Amino acid sequence: MAFLTFRGGVHPYDGKELSKEKPVREFLPGKELVYPLSQHIGAPAQPVVKKGDYVLAGQKIAEMGGFVSAPVHASVSGTVKEIKKVRNNAGAMVDAIVIENDEKYETAEFQPAQSLESLTKEEIIARIKEGGVVGMGGAGFPTHVKLSPKEPDKIEYVLVNGAECEPYLTSDYRRMLEQPEWIINGLKCILKLFDNAKGYICIEDNKPDCIAKISELVKDEPRIEVSTLKTKYPQGAERCLIAAVSGREINSSMLPADAGCVVDNVDTVCAVYRAVMKGEPVMDRIVTITGDAVAEPCNLKARTGTSFAELLEAAGGLKQPAEKMISGGPMMGFAMFDYHVPVVKTSSALLCMTKDEVSAQEPAACINCGRCVTACPARLVPSRLATYSENGREEMFVKYHGMECVECGCCSFVCPAKAPADPVYAFYEKKWFWLTAENRNRGENHE
């Protein structure tokens, strides 16, 4: 049987056996929770509470800061302790609201829908917007904006991304296995927005139990089917998924809607269901705590604002020192130097590795083997682009389509010379260095 796929890609060790058989268990946080106001792409949310205010779980504590933005909600009841700068999981300093948990978990009153049929399209979008739903696969794009294309009648494909191609992550796998009804019902909410669309729940073939379970549940749904994907990284990347399922292609100047597609992650679709049908905002998500340094790898239902340090402790802590800590997966996650950062809407995993494989490898000169060209899903020539990047040749970098790089890391993964970064990342890193060096030479302060 031929499975849907794309050109290029790699097959890294997936490490999923560490946590895939661990059912999700709920974790109750400690006394202090931290809510960054930037948990999404776009303008940061703006606080609507102040120090000393008492809040309920599910209460809005920050409203949208612009058109592309999303509100933030408390995940516990308690008192606003302060609003201050904190470091997020990507290492940036951002504004955040700190709430002292009273451990009563008193919840705000939600307004569930009577039925999906009773809701208009505008009401569905409004509920998603009010619920603070964003892309929970890692991108964090506000979902109400994504589901409001200029020409909704031209949307033909609604793709639910259940590939989970990133190594070690099993949060989506557990969601598909334990709560497939939420995924299906969330997809129905989205399909109501697009009259000419069909829904495809896209799952890699290394998850046969999920494929079988969801296929059985949708067998009588004329507008929904399961698409089986070949297991390969980065199968879950938006462009790769669209190419595999629809046969259509997009580039950096296009949106998925330009190809008649909408793509949402499994957890995002579940959040849509909860926001539309139950009236619940985003207050929690499944986080995988894993890696060979973790004593008891697991999947935890964590409330937003919870410290990663607490989740690690719930996983038995470290059985041996971790040389590398990553928020997310090893291919596209963010390296961390501190566990004491909060879980946000886009947090999928905490990965703790006993050895940093990347830093242990000394980069060498390119040997022109072409492996990066074969692996690149964007059909670029990463070795050539890396040369332009290293030498500051911005015009040539752009001419040879360097901006089409999706930063998947496939080229670095297969490179026998151990190139340290993908071309577009290296390009911007080098350009930043040139700018700061030039400013320093002029005596300007660049921070």
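The values are calculated or read from the model by the stated rules, or taken from the named source; none is laboratory data. Remember, predicted model here, so these are calculated numbers, not experimental data. Heads up, the Cβs are rebuilt from the backbone with ideal geometry, glycines too, and the neighbour counts pull from every protein chain shown. To get the accessible areas, we keep the full protein, side chains included, count just its heavy atoms, and leave off ligands, DNA and RNA. Shrake-Rupley method; radii C 1.70, N 1.55, O 1.52, S 1.80 Å.
Okay, here's what the table says:
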{"read-out": "Solvent exposure, largest accessible area first (probe 1.4 Å, DNA, RNA and ligands not counted), of Arg174, Arg379", "value": "Arg379, Arg174"}
{"read-out": "With DNA, RNA and ligands ignored, accessible area of Glu151 (1.4 Å probe; Å², nearest 10)", "value": "100 Å²"}
{"read-out": "Within a Gaussian network of the chain (alpha carbon springs, distance under 10 Å), most fluctuating of Leu119, Leu169, Leu191", "value": "Leu119"}
{"read-out": "Rounded accessible area of Phe337 (nearest 10 Å², 1.4 Å probe)", "value": "150 Å²"}
{"read-out": "Cross-link table Lys22/Lys230; Lys121/Lys219; Lys345/Lys399; Lys51/Lys192, entries beyond 31 Å C-alpha to C-alpha", "value": "Lys345/Lys399; Lys51/Lys192"}
{"read-out": "Protection proxy ranking of 30-40, 385-395 - average other beta-carbon atoms within 10 Å, highest first", "value": "30-40, 385-395"}
{"read-out": "Rg(Cα) / (2.2 N^0.38 Å) computed for the chain, rounded to two decimals", "value": "0.98"}
{"read-out": "In nm, spacing of pseudo-spin labels at Glu17 and Phe3 (7 Å Cα→C-beta vector)", "value": "1.7 nm"}
{"read-out": "Computed accessible area, His401, all protein chains, 1.4 angstrom probe, square angstrom", "value": "110 Å²"}
{"read-out": "Solvent-accessible ranking of Tyr105, Tyr400, largest area first, probe 1.4 Å", "value": "Tyr400, Tyr105"}
{"read-out": "Amide H contacts of Val10 (H built 1.01 Å from N, under 5 Å, at least 5 apart or other chain)", "value": "Tyr233"}
{"read-out": "Segment Arg25-Thr354, extension gain: residue separation times 0.36 nm, minus the distance between their alpha carbons", "value": "115.9 nm"}
{"read-out": "Sequence-distant residues sharing a close amide H with Ile224 (under 5 Å, placed H)", "value": "Gly199"}
{"read-out": "In Hz, Karplus ³J(HN,Hα) per residue of the range 182-199 (6.51, -1.76, 1.60; θ = phi - 60°; x = Gly, Pro)", "value": "4, 5, 5, 5, x, 5, 4, 4, 5, 5, 5, 7, 10, 5, 9, 9, 10, x"}
{"read-out": "Viscosity 1.002 mPa s, temperature 20 °C, Stokes-Einstein D of the range 200-312 from Kirkwood C-alpha radius, µm²/s", "value": "128 µm²/s"}
{"read-out": "Of all accessible heavy-atom area on the chain, the percent that carbon and sulfur account for (1.4 Å)", "value": "51 percent"}
